[in-house]
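*Asks:* Dropping a structure here in structure tokens format, bear with me for questions.
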Amino acid sequence: WWTLTGSHVTVQIGQCGNQLGEQFFSALGSEEHGSDPLWISHPNFFREISRRRDRKRSRCRAVLVDAEPRVVSEICQTSLAPARSKSWLYPELDEAIVKSWNKVGSSGSANNWAYGYKQQGDAMGECVLESVRKEVENCDCLDSFFFLQSLAGGTGSGLGSLCSELLRDEYPARFQLHAVVWPYSSGDVVVQAYNSTLSLSHLLDSSDGILCLHNDEAHDICSKLLGVPRPSLSHLNQVLADQLASLFFPVRSRLAKTEPERAIKMSELLSSLCSSPLHKLLSLRCLPHIPKRSLAFTKLRWEAVLNPLAQMQLTGWHMDEGLDWSMSPSSGSYNRAIAAMLLLRGEGWQEAETKRFKDCLHAGWSERGDNLQVLGSPQQFKGLERSSCILANCQSQAKLLDKLLERTAALRTARAFLHQYERYGTSEEDVDEAMAGLEQVISDYHHL
């Protein structure tokens, strides 16, 4: 596998971001890549360890950020376990981050965006910047920053928002892609609507693209398709990590049959899908979802993978169970997209029929199919004979934003819990401004 250089520094923030990041790197490192170490097969995300005796091992290009030491310490220790030592490990915890724990008292952010943004930001912001600078110095050519964070709590949402702004100021020419995890719609954090609204409002200003991942959708996939009766957070993270990893294995364009395969750089991905500053929300849909115990007995043709995936994109649904097959492009009301990237993995991908995607993926001002890129590789992913995913900048996330604003407005009208945010410098006007910004985003997507 050959890849173009262009390094991605992953910034894992908060408990959710760090746990998801660990499983994301595990997914990248678990696939067969011949005798090459990961720093050769995946130089975008891994770098060489300088010690000669460790040339077969790789160190991921990552910065681990949290307001308390428990999770990041456990993750770093796990990466040193014997079963992992032949593949990859995390960088050692940076001293600047360790010292910052003394400033914040090694405690969480009480599920408060304002506390994470202001209190933790004041204590940890410069320390995070210093840690990122050290990791950037190990890059021959920095391409982008890849953030992993949650929207519901305080550290991932609040401190994550501040870190995005700090890195935008420090590295204005580098791209930022944020993979954000939306909380359960019936989550147990009563102020998660405030946190999500404030976080998204800030990230829409500082980032180049926001890839929305959803706990509700991952839970459905686990319980209904993978046969997990009571999905844990680890199960959800595994589904989300596999979906993210599927984007970054080497591919080539269907139009460039003689070119070698290479990994997609985030700068290319964001330039292609998020060219409009008014539209930055990305959706990721993948098929098939098959339990490991059933892989050996499952044979799928390309039509069986791509037809449901096209209908999922058309309807904005997240899995091939419960699909509305009655909706079609001729109905007029469907999930319109500005741009999309379709990735196919498996034998015969060049001949797979993708016309259905061209028929349904276009905004009102574009020609059918002009905004669809088709890329692929004969290499299998996760033992699946044939698999596919589609990354699209489309209207489906705007509908979820609408529901989020309804919950935020209900809290705001009752002035519920606002005093907890005012204590750390976030006023009613700040909440109103964030809501107004998201309302404008919803309007922009509805007018596609």
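Only the coordinates and a few stated rules stand behind these numbers; no lab work does. Values in this document were obtained by computation on a predicted structure and should not be read as measured data. Neighbour counts are summed over all protein chains in view; Cβ atoms, including those assigned to glycine, are modelled from backbone coordinates with ideal geometry.
*Asks:* How much length is gained on full extension from HIS446 to SER328, taking 0.36 nm per residue of separation minus their Cα-Cα distance?
*Replies:* 40.7 nm
*Asks:* For the range 139-253, what does the alpha-carbon gyration tensor say about shape, rounded, prolate or oblate, given a ≥ b ≥ c as the root eigenvalues, a/c under 1.5 as rounded, and a/b over b/c as prolate?
*Replies:* It is oblate, given that a/c is not under 1.5 and a/b is not larger than b/c.
*Asks:* Among LEU159, HIS214, ILE264, which residue has its Cα positioned farthest towards the positive end of the charge dipole of the range 156-301, with +1 placed on the Cβ of Lys and Arg, -1 on the Cβ of Asp and Glu, and the dipole taken about the Cα centre?
*Replies:* Positive-most Cα among the choices belongs to ILE264.
*Asks:* Let me ask something additional. In the range 136-185, which GluC sites (Glu not before Pro) are in a loop and have at most 10 other Cβ atoms within 10 Å, using DSSP for the loop call?
*Replies:* Hits after loop and neighbour filter: GLU137.
*Asks:* Can you show me the helix-derived [θ] at 222 nm for the chain, built from DSSP H runs with n ≥ 4 at -39,500 (n - 2.57) apiece and divided by the number of residues, rounded to the nearest 500.
*Replies:* -12000 deg cm²/dmol
*Asks:* Which of the aspartates and glutamates could a cross-linker span from LYS99 if the Cα-Cα distance has to be under 13 Å and same-chain partners fewer than 8 positions apart are dropped?
*Replies:* Partners within reach: ASP66, GLU68, GLU126, GLU130.
*Asks:* May I pose another question? Among GLN311, SER388, VAL104, pick out the residue whose Cα is farthest towards the positive end of the charge dipole of the chain, where Lys and Arg carry +1 and Asp and Glu carry -1 on C-beta, about the Cα centre.
*Replies:* SER388
*Asks:* From the residues HIS446, SER427, PHE417, which one has its Cα farthest along the dipole of the range 399-446 in the positive direction, the dipole being from +1 and -1 charges on Cβ of Lys/Arg and Asp/Glu about the Cα centre?
*Replies:* The one lying farthest along the dipole's positive direction is PHE417.
*Asks:* Note down the nm distance, to one decimal, between modelled labels 7 Å out along Cα→Cβ at ASN102 and at GLU351.
*Replies:* Reported label-point gap for ASN102 and GLU351 is 6.7 nm.
*Asks:* Still on this structure: Over the range 283-394, what portion of Cα pair distances is larger than 16 Å, expressed as a whole percent?
*Replies:* Of all Cα-Cα pairs in the range 283-394, 57 percent lie more than 16 Å apart.
*Asks:* Taking 0.36 nm per residue of sequence separation and subtracting the Cα-Cα distance, how much length would be gained by fully extending the chain between ALA414 and SER232, in nm to one decimal?
*Replies:* In short, 62.2 nm is gained.
*Asks:* Where the Cα atoms of the range 56-177 are projected onto their three principal axes, how long is each span, largest first, in whole Å?
*Replies:* The Cα atoms of the range 56-177 stretch 44, 34, 25 Å along their principal axes.
*Asks:* Mind listing which trypsin sites (Lys or Arg not before Pro) in the range 397-440 are in a DSSP loop and have 14 or fewer other Cβ atoms within 10 Å?
*Replies:* Passing sites in the range 397-440 are ARG415, ARG423.
*Asks:* Spin-label point model (7 Å from Cα, Cβ direction): what's the ASP402 to SER276 distance in nm?
*Replies:* That separation, rounded to one decimal, is 1.7 nm.
*Asks:* By the gyration tensor of its Cα atoms, with a ≥ b ≥ c the square roots of the eigenvalues, what is the shape of the range 399-446: rounded for a/c under 1.5, prolate for a/b over b/c, or oblate?
*Replies:* Here the range 399-446 falls in the prolate category.
*Asks:* Using only alpha carbon positions, build the gyration tensor of the range 216-280, then give the equivalent ellipsoid semi-axes as the square roots of 5 times its eigenvalues, largest first, whole angstrom.
*Replies:* Equivalent ellipsoid semi-axes, largest first: 31, 17, 10 Å.
*Asks:* Going by a ≥ b ≥ c, the root eigenvalues of the Cα gyration tensor, does the range 7-245 fall in the rounded group (a/c under 1.5), the prolate group (a/b larger than b/c) or the oblate group?
*Replies:* Oblate, because a/c is 1.5 or more while a/b does not exceed b/c.
*Asks:* In straight Cα distance, which lysines are under 30 Å from LYS403, not counting same-chain residues fewer than 8 positions off?
*Replies:* Straight-line reach from LYS403, under 30 Å: LYS118, LYS224, LYS280, LYS358.
*Asks:* Estimate the FRET efficiency between ASP122 and GLU259 by the formula 1/(1 + (r/R0)^6), using the beta-carbon distance for r and 60 Å for R0, to the nearest 0.05.
*Replies:* The formula returns an efficiency of 0.80 here.
*Asks:* What are the principal axis extents of the Cα atoms in the chain, in Å, biggest first?
*Replies:* Between the extreme Cα coordinates on each principal axis of the chain lie 59, 59, 44 Å.
*Asks:* Among DSSP beta bridges whose residues both lie in the range 319-448, state the antiparallel percentage, nearest 5.
*Replies:* Given both bridge residues lie in the range 319-448, the antiparallel proportion sits at roughly 60 percent.
*Asks:* How high is the relative contact order of the chain? Use alpha-carbon pairs under 8 Å, at least six apart in sequence, and give a whole percent.
*Replies:* 15
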